[in-house]
């Protein structure tokens, strides 16, 4: 087969452009990325050899070899890992095949530090080679294949693939360095980089010069070493390697479980959100090893989906080495490991929440929405997750726990009130909050889509019902919270409440007909004339909108229109009841208030033209002649 020239996928071209403009603040990172990829390739080869030992018999000592050549100005990174076929070279180095590509690119900010972390998470560190190389040459031969292939590119939009010669399996990367990058040919510089970034790699990294080979790292699995021997920076660099990230770990959890079965865990919670946190597949990213042999990096069942932000490794002493990914799903030992890992993580989070509440707030802002998935779907850990849950509320900027909320409930209050919205700012504008604010009753902001589901599944917490303020049945009258002056003012207003309100309601019901379920007065409003609420047994308004957006429902439930009898507009309208020629005008106002209430809820109007006509008519009548 002859040489074939191809263009990079558009997303890759954009990445290369970012890299070319020195996204990486320290160019030496490129070597860490290439060594890390080589190590992963060897891990995958070791796993393949468990079932096909003949593929590794001739070369079972896994390693990464660095060979600088000052005369040719090349740095070679060579491994004897699993290697790549022609198709895999094109797929892995010419495209980004992973899901979430569009989301990833949308999240690129132009801020070098933030974008660096995103690119690392996306597993495309190979392209960092173009920071120091004018041309990159990759020669690879897949284990079990007789053919080798050469991939070549200058990183400017195109690459070529052609047949090549290679004695054994694995991948050889040849960096033709740019002018001014000769420092990466100096042995002392390479030693320093490997020592700094790749000391934890659990296979030998060799420096080859003048026919001699020098081992640059300790080549032992970091998680097998005693915690007392491991420095914080070693944990950090291992986190960077295992998670393909560049941020600092928010929490490091290193433990050894002993007893009926033994395993070691070295787990990390990131300090920033992984770009694929909300990928629909909800895959975990922990690597599973058995007696230091890599098995898989997405073992289903090792942790629940609501802990998918965890990075790190779990190494079992007791699982069979030849365990398949399919066998893992039904392995009872894995289920026990999962249970213990979850308990450890939740215990650490509980400790952080208690000892370092400000740090815990940062964690919750990043991963709280994911943990709340567990409240909905994991009955065994629901209570522990509810205790960890934090919310913003009408009480101020700080996050509040359910325990804190209940501790400051008003006398007469028997429910935990919440309001849903797409954001805190939107939820805070809800007219349904007016009466609660007037009485000083705290309301939680539920702004994650999952809030709608777990709150319905849980129903109550420690005997206190969870109640949406956009539902009917919120009896504010029995809650003590007003000052004496405010209460006296309310009684005075009640005494002066217009007598024709019930007649106005009757006119509104007749005008709106089947468009509403009911029309009634409410004490939940102070500043707004009207609002829409869901009946007690109906789907909450915000949840209904979410379901409709995703086409899970077509027909909307009818809502209740609630009127504020103390509002000046409602008083004026009630005063018009019974006067000659006002019935049609009041019917028009019924529709105008109904549409206004829908707009306040964030809903679209079915007939914007009719709304505009009614509004124009009301404004014209209100202007002096």
- prompt: Would you say residue 607 is at pLDDT 85 or above, assigned by TED's automatic domain parsing to the domain that holds residue 503 and either over 14 Å from residue 517 (Cβ atoms) or exposed (fewer than 14 other Cβ atoms within 10 Å of the Cβ) (or both)?
  reply: yes
- line: Exception for residue 473 within (1) closer than 30 Å to residue 578 by Cα; (2) modelled with pLDDT under 90 falls at (1)
message: Quick check on residue 365: is it surrounded by fewer than 19 Cβ atoms within 10 Å (Cβ to Cβ) and in a helix (DSSP H, G or I)?
response: yes
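For every residue, the table says whether it meets (1) within 27 Å of residue 383 (Cα to Cα); (2) touching a residue at least 12 places away in the same chain (Cβ under 8 Å); (3) within 21 Å of the chain's Cα centre (by Cα); (4) not in a helix (DSSP H, G or I).
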{"residue": "267", "(1), (2), (3), (4)": "yes, yes, yes, yes"}
{"residue": "289", "(1), (2), (3), (4)": "no, yes, no, yes"}
{"residue": "330", "(1), (2), (3), (4)": "yes, no, no, yes"}
{"residue": "333", "(1), (2), (3), (4)": "yes, yes, no, no"}
{"residue": "345", "(1), (2), (3), (4)": "yes, yes, yes, no"}
{"residue": "348", "(1), (2), (3), (4)": "yes, yes, yes, no"}
query: Residues 261, 268, 246: which one is buried (at least 17 other Cβ atoms within 10 Å of the Cβ) and modelled with pLDDT under 95?
result: 246
- prompt: Do you know which of the residues in region 190-223 that are under 16 Å from residue 31 (Cα atoms) and assigned to a helix (DSSP H, G or I) is nearest to the chain's Cα centre (by Cα)?
  reply: 197
message: As an exercise: evaluate residue 387 against (1) within 22 Å of residue 601 (Cα to Cα); (2) modelled with pLDDT of 95 or more and give the number of the one condition it does not meet.
response: (1)
message: For region 522-535, give me the residue count where each residue is surrounded by fewer than 18 Cβ atoms within 10 Å (Cβ to Cβ) and under 21 Å from residue 571 (Cβ atoms).
response: 2
task: Give the residues of region 334-353 that are at pLDDT below 95 and more than 16 Å from residue 256 (Cβ to Cβ), sorted by residue number.
output: 334, 335, 338, 339
query: Which condition number in (1) buried (at least 17 other Cβ atoms within 10 Å of the Cβ); (2) more than 29 Å from residue 87 (Cα to Cα) is the one that residue 153 fails?
result: (2)
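Every residue, every condition in (1) within 19 Å of residue 39 (Cα to Cα); (2) outside any strand (DSSP E or B); (3) touching a helix residue (DSSP H, G or I) at 6+ places or on another chain (Cβ under 6 Å); (4) in contact (Cβ under 8 Å) with a residue 24 or more places away in the chain, yes or no:
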position	(1), (2), (3), (4)
245	yes, yes, yes, yes
276	no, yes, no, yes
294	yes, no, yes, yes
301	no, yes, yes, yes
327	no, yes, no, no
message: Go through (1) within 22 Å of residue 288 (Cα to Cα); (2) modelled with pLDDT of 95 or more; (3) out of contact with any helix residue (DSSP H, G or I) (no Cβ under 7 Å at 6 or more places or on another chain) for residue 252 and report which single condition fails.
response: (3)
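The values are calculated or read from the model by the stated rules, or taken from the named source; none is laboratory data. Please read these numbers as outputs of a predicted model, since none were measured by experiment. All Cβ positions, even for glycine, are placed from backbone atoms using ideal geometry, and neighbour counts span all protein chains on display.
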